[in-house]
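Student: Have a look at the structure that comes next, please.
Just so you know, all these numbers are worked out from the coordinates, no wet-lab data involved. Since we're looking at a predicted model, the values are computed, not measured. With ideal geometry, Cβ positions are generated from the backbone for all residues, glycine too; neighbour counts draw on all protein chains shown.
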Amino acid sequence: MSAGLLRNSFKGAASAAPFFPTLLDQIPNAIVIFEADSQQLVYVNPAAESALDLSRKSLEGHNFHDLFGDNLQLGEMIHEVKSGQAPAQRQELLLHSLPGSIHQETIPAHVVIALMDDSDLMLMEWFPIDQQLRTERDERVTQQVEANKELMRNLAHEIKNPLGGIRGAAQLLEFELPEKGLREYTQVIIKESDRLQTLVDRLLAPHRKAHVMEYFNVHEALERVRSLVLAEFPKGLKIVRNYDTSLPDILGDREQLIQAVLNIAHNAAQALSVEIEAGVAQIELRTRVARSVTIAKQRYKLALDLDVIDNGPGIPADIRERIFFPLVSGREGGSGLGLTLAQTFVQQHQGSIACDSKPGCTHFHIQIPYRRQEKSE
C-alpha cells in the first residue's frame, strides 16, 4: 500500500484504497499510520479517533508529534524501527492527548511501533493497559450492585404486606379513640407508613413498568431535563449545552433515559447550593459518539457518550465508591435511590454509567450502544 493511496483514504477517497483502510477500520485498538521521514499523518482508524477524541478531518495536516508531543520514549522506538535495529518495538509508556481535544489526560498504554511493507510508512498501535483492569473492576461492581438490588427488592416485598396491615390497623384505631388529641399518634403511624410505602414503590418501580422502545432524539430528551431543573433552580444556575447535533436517533425508552439524566442533574443542582447562591453554579450536558466500544464484554460499533458535569464540591470520599448502592446518599434527607434508579435504567439499555468526582468537578459518564430493532412490515 503506497503512501499516496493511504493519504487519499485519509482525505476520504475510499475508492483509492478500498481494502486496507477498511480492514484497519474494524480493528478495536487505536492505529495511526505516518510517513517515516516527514512523520506526516496519512491514516487514523475510528478507534484512534475515539481515543484522541478528534475526528479524522480535524487531524488532517498534523504530523505524528502533534498527537503526543515530544515523547522521548516514543521517539526512541520510532528511531530504532526506522533505522532497522528492530522490525517492531513494543513498550508500555505514558501517552499525552492532543492539545485541543476534549478529554486532555495522560494515559498509560501498551504501544507498538512497526515499519510497514512500504518502508516509507510506519504504523503505531496502542491500547490502554488499564482497560482490562477497568473491565474486571466494572464487572465486580456490577455484580455487587445487582446483589444489593436483589436484596432490596426482596426486602421491599417483605415490608410491603405488613406495612399495609400497620396502616390499616392505625386507621381503625383512630376511629375507636375516645380523645381527639390521641389521634395525633395514629396520624404519625399512618404518615410514616405512607412514607415507607412510597420508598418501597420506588424500589420496585423499575421492574414493574414495561419498556417503551422507540427511536428518539437524545437532545430533545436532554432539553426536557434542562427545563425541569431550571424550573426548580431558576437563579444562580447555568446549564450548558455541549451537543453533537450530528448524532443519530437512539433506540430506547425515552422516559427512562430522561429520568436517569434528571436524577443525576437534580442531585448535582442540590449539591451546588453554595455555588448557586454565589451565582457561579454550572452543569454541562455533553453528547458525543463513541466508536468501537466494549460494554459488559459486548462489542458495539457505535455508542452514545452522554456526560453530566458540574462544578460543585464533589461527592464525599467515604461514599464515592458506593454512590450507586441503594439507600446511600451524601445529602441529609436524601433517599439514596436517585442514582440507583439511574443505573438501573441505563443498564436496562445495555449501557454503563460511571462517576469521577473531586472538589470542583463531578463527572457522570453514561454510555449507551446504538442498536437496531427489527421493524414489522
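Student: Name the residues whose placed amide hydrogens come within less than 5 Å of the amide hydrogen of Tyr370, ignoring near sequence neighbours (fewer than 5 apart) on the same chain.
Tutor: Leu302, Ala303, Leu304
Student: Given bins 10 angstrom wide, list per bin the percent of all Cα-Cα distances in the stretch 216-301, short to long.
Tutor: 16, 42, 29, 12, 2
Student: Related question: What are the trypsin sites (Lys or Arg not before Pro) within the stretch 222-278 that DSSP puts in a loop, where the Cβ has at most 11 other Cβ atoms within 10 Å?
Tutor: Qualifying residues, ordered by number: Lys235.
Student: With θ set to phi - 60°, apply the Karplus curve 6.51 cos²θ - 1.76 cosθ + 1.60 along the stretch 34-41 and write out the HN-Hα couplings as whole Hz, x wherever there is a Gly or Pro.
Tutor: Values, residue by residue: 9, 6, 5, 7, 7, 6, 6, 5 Hz.
Student: Now for a different question. Just to check I understand the Karplus step: with θ = phi - 60° and J = 6.51 cos²θ - 1.76 cosθ + 1.60, what whole-Hz values come out for the stretch 298-313, glycine and proline as x?
Tutor: 9, 8, 10, 5, 9, 8, 8, 9, 10, 10, 10, 10, 10, 9, x, x
Student: For the stretch 285-326, rounded, prolate or oblate, judged on the Cα gyration tensor with a ≥ b ≥ c (square roots of eigenvalues), a/c < 1.5 rounded, else prolate if a/b > b/c?
Tutor: oblate
Student: With charges only on Cβ, +1 for K and R and -1 for D and E, what is the dipole size of the stretch 213-369 about its Cα centre, in debye, rounded to 20?
Tutor: Around 380 debye, computed over the stretch 213-369.
Student: Could you give the semi-axes, largest first, of the ellipsoid that matches the stretch 213-369, computed as the square roots of 5 times the alpha carbon gyration tensor eigenvalues and rounded to whole Å?
Tutor: 25, 18, 14
Student: Within a 10 angstrom radius of the beta carbon, how do Thr287, Thr344, Thr294 rank from fewest other beta carbons to most?
Tutor: Fewest-to-most Cβ neighbours within 10 Å comes out as Thr294, Thr287, Thr344.
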